[in-house]
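No value in this document is a laboratory result; all are computed from the given coordinates. This is a predicted model, so every value here is computed, not measured. Note that each Cβ is placed from the backbone with ideal geometry, even for glycine, and that neighbours are counted across all protein chains shown.
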Amino acid sequence: MQIQNLITQKYKRFFAFGCSFTHYPWPTWADIIGREIPYYENWGKGGGGNQFIFNSVVECNLRHKFTKNDLVIVMWSSCSREDRYVDDQWLVAATEYREKVYGKEWMKKFANQGKGLMIRDFATIYATQQLLNSLECDWINLNSLPLVRFDMDRAEADVLNKKATIDDLENRWSIQQKMLCLGSDHRDEYLADKGVVDFYKDIFLSIKEPVFDRILKNKERPNFGDKHPSPQEALDYLNDVLPNNLNAKEFVEEWGKIVRSIKQKDEMPKKFIRQEVQRL
């Protein structure tokens, strides 16, 4: 059953799914919740797209058989990502790494197919929601990066011709997703395909607004330029989109000091330790 309020004492097990916004060297939203539930597994993976996330949910359920005592939270990622299972492991390629993994010809043919990417991932999200609805567990859908896609050829041309800026596009991208999650009919002129968004509009009403929006607005970012939510941003996000009884203030403050002390990304003085999950 989809829930709107989080009372951690109700659950014996918690399973979290997502990309690096879920599984990162410092504590994420999932770790903040997981420390308050007796059994916790984090199935997130850096660079993971929505196909990887869907497969992870299915595999985890087959391994653990979700019950009424379980909480399942999925943080969906961007539609622009590509996931393949290659040589006994998931090959996940976040947006900025796709050319390195798949090559320029692949990028030229497939990378800017915004309509197709939305059709693929919106159906995947719908199928996951239907699966979770068929089980006894409680579930929540969150969002890291906006799901909607823009017509990138047009957007890049407008940036080149100085009709738009990258910052403007990022803000519009996030605002578009937020409006859809809130049930608004707002539509952006750069949207890749309005028909697909309208067809799947109900999935947005089941997903909380993207946490990425907070990173755009927060000027007090770690000084090495990392764009992942800090522990405090993760807690603030949970408090805003999900009424809860979390007791995480001291934990978040402790890790906040560690994150603020980092000068370069590879100088993490202490990494958050999680239980490793068994995967195919």
Length gained when the stretch LYS10-LYS271 is fully extended (0.36 nm per residue, less Cα-Cα span): 91.1 nm
Contact order relative to length of the chain, as percent, for alpha carbon pairs under 8 angstrom and 6 or more apart: 23
Long-range lysine pairs (8 or more apart or interchain), region 10-104, Cα under 27 Å: 10
Convex hull per residue volume in Å³, alpha carbons only, for region 1-125: 121
Angle between the chain longest axis and helix 231-241 axis [Cα atoms, degrees, rounded to 10]: 80
Selected from TYR126, TYR102, SER80, residue furthest toward positive end of dipole (the chain; charges at beta carbon): TYR102
Farthest toward positive dipole pole in the chain [+1 Lys/Arg, -1 Asp/Glu at C-beta], among ILE37, GLN232, PRO210: ILE37
Given charges at beta-carbon only (K, R positive; D, E negative), |dipole| of region 125-268 in Debye: 320
Dipole magnitude (debye, nearest 20) for the chain, charges at Cβ of Lys, Arg, Asp, Glu: 280
Solvent-free Debye scattering, log10 I(q)/I(0), computed from the Cα coordinates of the chain at q = 0.12, 0.14, 0.17 Å⁻¹: -0.77, -1.07, -1.57
Directionally averaged projected area (convex hull, Cα atoms, region 155-280), nm²: 11.8
Exposed-loop-free span, longest in the chain, where GluC sites (Glu not before Pro) count as exposed if DSSP calls them loop and at most 13 other C-beta atoms lie within 10 Å: 1-135
Gain in span if fully extended, LYS162 to ASN69, counting 0.36 nm per residue against the direct Cα distance: 28.1 nm
Least to most buried among ILE3, ILE175 (fewest other Cβ within 10 Å first): ILE3, ILE175
Residue with peak Gaussian network fluctuation, the chain [Cα springs, cutoff 10 Å], from PRO231, PRO269, PRO146: PRO269
